[in-house]
Amino acid sequence: MNKSVCWIAGAGEFYAPAFAPLPGDYVIAADGGYESLRRHGATIDMALGDFDSLGYVPKHRNVVRCSPVKDDTDMALAVKEGLSLGYERFALLGGLGGRLGHTLANLQTLMYLSRRGARGFLIGKNETATALTDGELYFSDAHRGYLSLFCLSEPACGVTLRGLKYELTDATLESFVALGVSNEFTGRESSVAVARGTLVVLWQDGRLEEMLRA
């Protein structure tokens, strides 16, 4: 069953080819992402943030202005707004590259979503990332390039990889060991599974639609 998607644009590089909202989707501009969406001609449902990156408060019918003294990034606040509206699938653009601290915070936001039964995809020009908690992620045989997975918190147990160049069965990944880096798609259907814990999964191939709305 297809799911509606909450699209969120941050202040980083906006990868326009990935932006493909459908009727029923919701589009949030997180601070500087407002300018990226405006240039793209997108219909924006909400503009949110402290607007320090943008430099002005947008003249928009639905503005949520936040204090610059806050405990969340603008991207994380936008994700929480999307969750409050009932969305379970999130596409985050403008959140890779740039300041390393912001990129890491956005990866944490993916984990936040995953641990609440939702799923977010952090989308850049050359790479896509998601988080997986106590579950399985499937890739079609059309995917090409590299795939990496990381445990960023407590050990991830029961990690099983199928259909990739380097397979694993019931392995344990820890945050201080880079065992999961630089695996490869093989032209076969493949999967990443974790029985207990959370993984961050990154891959080069930009094919996303089949996963985003699954």
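Kindly provide the set of residues from region 169-191 that are part of a strand (DSSP E or B) and without any contact (Cβ under 8 Å) to a residue 24 or more places away in the chain, ordered by number.
Our first condition is that a residue be part of a strand (DSSP E or B); within region 169-191, this holds for 169-173, 183-185, 190-191.
Correct list: Thr169, Ala171, Thr172.
Gly97 versus (1) under 26 Å from Lys3 (Cβ atoms); (2) surrounded by fewer than 19 Cβ atoms within 10 Å (Cβ to Cβ); (3) in the same structural domain as Pro17 (by TED's automatic domain parsing); (4) not acidic (Asp, Glu): which is the lone unmet condition?
Every condition holds for Gly97 apart from (1).
Could you list all residues from region 47-87 that are of a type in the set (Ser, Thr, Tyr), modelled with pLDDT of 95 or more and in contact with a strand residue (DSSP E or B) (Cβ under 9 Å, 6 or more places away or on another chain)?
As a first pass, look at region 47-87 and keep what is of a type in the set (Ser, Thr, Tyr): 53, 56, 67, 73, 84, 87.
Still in the running and modelled with pLDDT of 95 or more: 84, 87.
Answer for region 47-87, where residues must be of a type in the set (Ser, Thr, Tyr), modelled with pLDDT of 95 or more and in contact with a strand residue (DSSP E or B) (Cβ under 9 Å, 6 or more places away or on another chain): just Tyr87.
Taking the condition of being under 13 Å from Glu189 (Cβ atoms) and exposed (fewer than 13 other Cβ atoms within 10 Å of the Cβ), how many residues in region 124-146 meet it?
Counting residues in region 124-146 that are under 13 Å from Glu189 (Cβ atoms) and exposed (fewer than 13 other Cβ atoms within 10 Å of the Cβ) gives 3.
Within region 108-122, how many residues turn out to be part of a strand (DSSP E or B) and under 18 Å from Glu13 (Cβ atoms)? Walk me through it before giving the result.
Within region 108-122, the first condition is being part of a strand (DSSP E or B), and the residues that meet it are 119-122.
Filter again for under 18 Å from Glu13 (Cβ atoms), leaving 120-122.
The qualifying residues number 3.
Would you mind finding the one in Gly187, Gly135, Gly145 that is in contact with a Phe, Trp or Tyr (Cβ under 7 Å, 6 or more places away or on another chain) and of a type in the set (Gly, Ala, Ser)?
Numbers: Gly187 fails: in contact with a Phe, Trp or Tyr (Cβ under 7 Å, 6 or more places away or on another chain); Gly135 fails: in contact with a Phe, Trp or Tyr (Cβ under 7 Å, 6 or more places away or on another chain).
Sole residue among the options that is in contact with a Phe, Trp or Tyr (Cβ under 7 Å, 6 or more places away or on another chain) and of a type in the set (Gly, Ala, Ser): Gly145.
So Leu37 fits all but one of (1) free of Cβ contacts under 8 Å to residues at least 24 places away in the same chain; (2) buried (at least 18 other Cβ atoms within 10 Å of the Cβ); (3) under 19 Å from Lys125 (Cα atoms); (4) not polar (S, T, N, Q); what number is the exception?
(1)
Could you identify the single residue in Phe14, Phe90 that is modelled with pLDDT under 95, touching a strand residue (DSSP E or B) at 6+ places or on another chain (Cβ under 7 Å), in the same structural domain as Arg119 (by TED's automatic domain parsing) and hydrophobic (A, V, I, L, M, F, W, C)?
Phe14
Anything in region 123-142 that is assigned to a loop (DSSP other than H, G, I, E, B) and either closer than 15 Å to Leu212 by Cα or of a type in the set (Val, Ile, Thr) (or both)? List them, or say none. Give the steps one after another, and end with the answer.
Within region 123-142, the first condition is being assigned to a loop (DSSP other than H, G, I, E, B), and the residues that meet it are 124-127, 140-142.
Selection gives Gly124, Glu127, Ser140.
Has region 57-80 got at least one residue that is over 14 Å from the mean Cα position of the chain (by Cα), under 16 Å from Ile123 (Cβ atoms) and either basic (Lys, Arg) or surrounded by fewer than 19 Cβ atoms within 10 Å (Cβ to Cβ) (or both)?
So far as region 57-80 goes, no, none of its residues is over 14 Å from the mean Cα position of the chain (by Cα), under 16 Å from Ile123 (Cβ atoms) and either basic (Lys, Arg) or surrounded by fewer than 19 Cβ atoms within 10 Å (Cβ to Cβ) (or both).
The values are calculated or read from the model by the stated rules, or taken from the named source; none is laboratory data. Since this is a predicted model, take the numbers as computed values, not measurements. Counting neighbours? That spans all protein chains shown, and the Cβs are built from the backbone with ideal geometry, glycine included.
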